[in-house]
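Undergrad: This is the structure I have questions about; it appears just below.
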Amino acid sequence: MYRNYYLSTAISDKCTASYLITTDNRKILPNESLPLHSRMQRFEAITFDYRKVISLLKGKKNQSGAQFSEKTKASFLASWLIKIQRSFPFNIFFAEGSIFYIIHAYFIGKRLIRTDNINVIYSSFMPYSDHIVAWMLKRKFPTLIWVADFRDLHVEPIYKNVIWPNFQKKVEKFILKNANVVTTVSDGISQKMRALHQNVHTITKGVRLREKKESFDKFTIHYSGSLFQQFRDPRPLFNVLASLIKEQKIYKDRICFLYAGKDGGLMQQWAETCGISDVFENKGMLSRNEAIEMQDRSHINLLLTSASDEHAGLLTGKLFEYIEAGKEILCFIKGSRDKEIEAMFTEFHLGDVLYDEEKIREYILLKYNEYIQTGEVKADHLRDAILQNMSWERQADRVFDLVSLNNMKK
């Protein structure tokens, strides 16, 4: 959501007018109110999808909205239902947006294109319903330039998130045949998408660097976000912390591990099993501003991700939030080596990318001793280089360059 918001805002700076077609779910789901650009008009399409149904059943004020814990999603029935609703043709009817949204958004878009001389449309996955709407509009108005964006792969080789993966790829290739440009958030995703489209480019999430804030009194490691089943695993770090505390190389009254997110129950269970419950603090679901405050004041922001020989380069939105905080980042990757993430960390001096407990132990001891000696953990982010390469304005320029190239080919 935030990638689309900030990118569309930066793009609106360069347009005489822009138009946003979105779901009307914002009226009932938990959300953060963000101001629209003065040149942007918003149109809400009627939506009746699983998020709206679940939110209505839970109650409008339920903070978790339509989110489920990893424990719930790990059950056999739930995991299969999730796979089915993410797969063609079921995602057209049961996934986010769904058929009512698709039809209404299409008619809104058709009217705007006819009356306001629109020549470029931009859609982003997830949800896939936005690409379906854009595909329908492109078929109706062939001269439109369509930019189809992917924050994730529809068919994920690591997470195995759909049924009939080969069929899914065939349908996706058919839909994207009409797109002029496909953009993705990482080179790893771009590499996979080139099997489905001939014109794929990487446009990473942008950043807006925040002012540095005073850190917490204790040596604080922070993680916020979901665990995503077994693919994000903090237990190697928990084991290291427990071992160092037991050996009295770290004192438990000087350290704290903070967690914020929907999986606090499972995190608490793991902390107890690993023996660090005394230093673990579960903050539960926080607002975006509260979560950012934790990022800004922690000594180390923990990034959990995964990679395999089939797929790497999973640049999560959380990574870019951490970059904005300007604090040391520890990236722990479960699985294979991820050269794209390693290259980013090296280029911009973001922190360390690690894969095993031995290296985590060395890292934690080094940073903890630095904290004991200086009261801080120094981060060496190359802020000027980050702004030059990752600002939202720079990303908007890249999108415009791609649109201009395709406009010249018409």
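Values in this text are rule-based calculations from the coordinates and carry no lab data. What you see is a predicted model, and the numbers here were worked out from it, not measured in a lab. Heads up, the Cβs are rebuilt from the backbone with ideal geometry, glycines too, and the neighbour counts pull from every protein chain shown.
Undergrad: Multiply the residue separation of Glu310 and Lys378 by 0.36 nm, subtract the distance between their alpha-carbon atoms, and state the gained length in nm to one decimal.
TA: Details: separation 68, 0.36 × 68 = 24.48 nm, distance 3.52 nm.
Extra length available between Glu310 and Lys378 comes to 21.0 nm.
Undergrad: With everything on Cα atoms, drop me the angle between helix 128-140 and the longest principal axis of the chain, reported from 0 to 90° to the nearest 10.
TA: Computed tilt is about 20 degrees.
Undergrad: What is the magnitude of the charge dipole of the chain about its Cα centre, with +1 placed on the Cβ of each Lys and Arg, -1 on the Cβ of each Asp and Glu, and no other charges, expressed in debye to the nearest 20?
TA: 1860
Undergrad: Moving on. Which whole-Hz couplings ³J(HN,Hα) result when phi for each residue of segment 387-392 is put into the Karplus expression 6.51 cos²θ - 1.76 cosθ + 1.60, θ = phi - 60°, listed in order with x for Gly and Pro?
TA: 5, 5, 9, 10, 5, 4
Undergrad: Which far-off residues, 5 or more places away or on another chain, put their amide H under 5 Å from the one on Phe280, with H placed in the peptide plane?
TA: Those lying under 5 Å, H to H, from Phe280 are Phe257.
Undergrad: Can I ask one more? Would you calculate a helix-derived [θ] at 222 nm for the chain, using -39,500 (n - 2.57) for each DSSP H run of n ≥ 4 and dividing by the full residue count, to the nearest 500? All intermediate terms of the calculation are to be shown ahead of the outcome.
TA: On the way: 17 runs with 186 residues, N = 410.
After summing the helix terms and dividing by residue count, I get -13500 deg cm²/dmol.
Undergrad: Using modelled amide H (1.01 Å from N, peptide plane; none on Pro or chain starts), what sits under 5 Å from the amide H of Thr47, excluding residues fewer than 5 places away?
TA: Asp24
Undergrad: Tell me, what HN-Hα J-couplings in whole Hz come from the Karplus equation 6.51 cos²θ - 1.76 cosθ + 1.60 at θ = phi - 60° for each residue of segment 97-108, using x for Gly and Pro?
TA: Those phi angles translate into x, 6, 5, 5, 4, 4, 5, 5, 4, 4, 5, 5 Hz.
Undergrad: Which of the GluC sites (Glu not before Pro) found in segment 348-410 are loop residues per DSSP with 16 or fewer other Cβ atoms within 10 Å of their Cβ?
TA: Numbers: sites: Glu357, Glu358, Glu362, Glu370, Glu376, Glu393; in loops: Glu376.
In loop regions of segment 348-410 (DSSP not H, G, I, E or B), the sparsely surrounded GluC sites (Glu not before Pro) are Glu376.
Undergrad: Quick one: dipole size for segment 258-410, taken about the Cα centre, charges +1 on Lys/Arg Cβ and -1 on Asp/Glu Cβ, in debye to the nearest 20.
TA: Details: 18 positive and 28 negative charges, 109 e Å.
With only Lys, Arg, Asp and Glu charged at Cβ, the dipole is about 520 debye.
Undergrad: Ser391's amide H: which non-local residues (gap 5+, or another chain) put their own amide H closer than 5 Å, with H modeled 1.01 Å from N in plane and none for Pro or chain starts?
TA: Close amide H contacts, sequence-distant or interchain: Val207.
Undergrad: Residue farthest toward the positive end of the dipole of the chain, with Cβ of Lys/Arg at +1 and Asp/Glu at -1: which of Asn301, Thr115, Phe167?
TA: Going by the Cα projections, it comes out as Thr115.
Undergrad: For segment 219-382, count the residues as N, evaluate 2.2 N^0.38 Å, and divide the Cα radius of gyration by that value, please.
TA: Values: Rg = 14.8 Å, N = 164, 2.2 N^0.38 = 15.3 Å.
The reported ratio for this selection is 0.97.
Undergrad: I've got another one for you. Residue by residue through segment 263-272, what is 3J(HN,Hα) from phi via Karplus (6.51 cos²θ - 1.76 cosθ + 1.60, θ = phi - 60°)? Round to whole Hz and write x for glycine and proline.
TA: With coefficients 6.51, -1.76 and 1.60, one gets 9, x, x, 5, 4, 4, 4, 5, 4, 5 Hz.
Undergrad: Could I ask something else about it? Between their Cα atoms, which of Lys83/Lys262; Lys334/Lys367; Lys249/Lys327; Lys58/Lys169; Lys252/Lys339 are more than 27 Å away from each other? Walk me through the numbers before you get to the answer.
TA: Working: Lys83/Lys262 21 Å; Lys334/Lys367 22 Å; Lys249/Lys327 23 Å; Lys58/Lys169 35 Å; Lys252/Lys339 34 Å.
Result: Lys58/Lys169; Lys252/Lys339 exceed 27 Å.
Undergrad: How many angstrom separate the Cα center of segment 96-174 from the Cα center of segment 245-277?
TA: Computed from Cα coordinates, the inter-centre distance equals 43 Å.
Undergrad: Now, a different point. Compute the FRET efficiency between Cys15 and Asp233 as 1/(1 + (r/R0)^6), taking r as their Cβ-Cβ distance and R0 = 41 Å, and round to the nearest 0.05.
TA: 0.40
Undergrad: While we're here: State whether the chain is rounded, prolate or oblate according to the following rule on the C-alpha gyration tensor (a ≥ b ≥ c being the square roots of its eigenvalues): a/c under 1.5 gives rounded; otherwise a/b larger than b/c gives prolate, and the remaining case gives oblate.
TA: Working: a/c = 1.87, a/b = 1.61, b/c = 1.16.
Prolate shape, in that a/c is at least 1.5 and a/b is the bigger ratio.
Undergrad: So for the pair Asn178, Glu362, with labels modelled 7 Å out along Cα→Cβ, what separation do we get in nm?
TA: Result for the modelled spin labels: 5.4 nm.
Undergrad: Could you work out how far apart the two model spin labels at Arg26 and Arg254 are, taking each label as a point 7 Å from the Cα in the direction of the beta carbon, and quote it in nm?
TA: 4.8
Undergrad: With a point put 7 Å past each Cα toward its Cβ, work out how far Arg39 is from Lys283 in nm, to one decimal.
TA: Computed distance between label sites Arg39 and Lys283 equals 3.6 nm.
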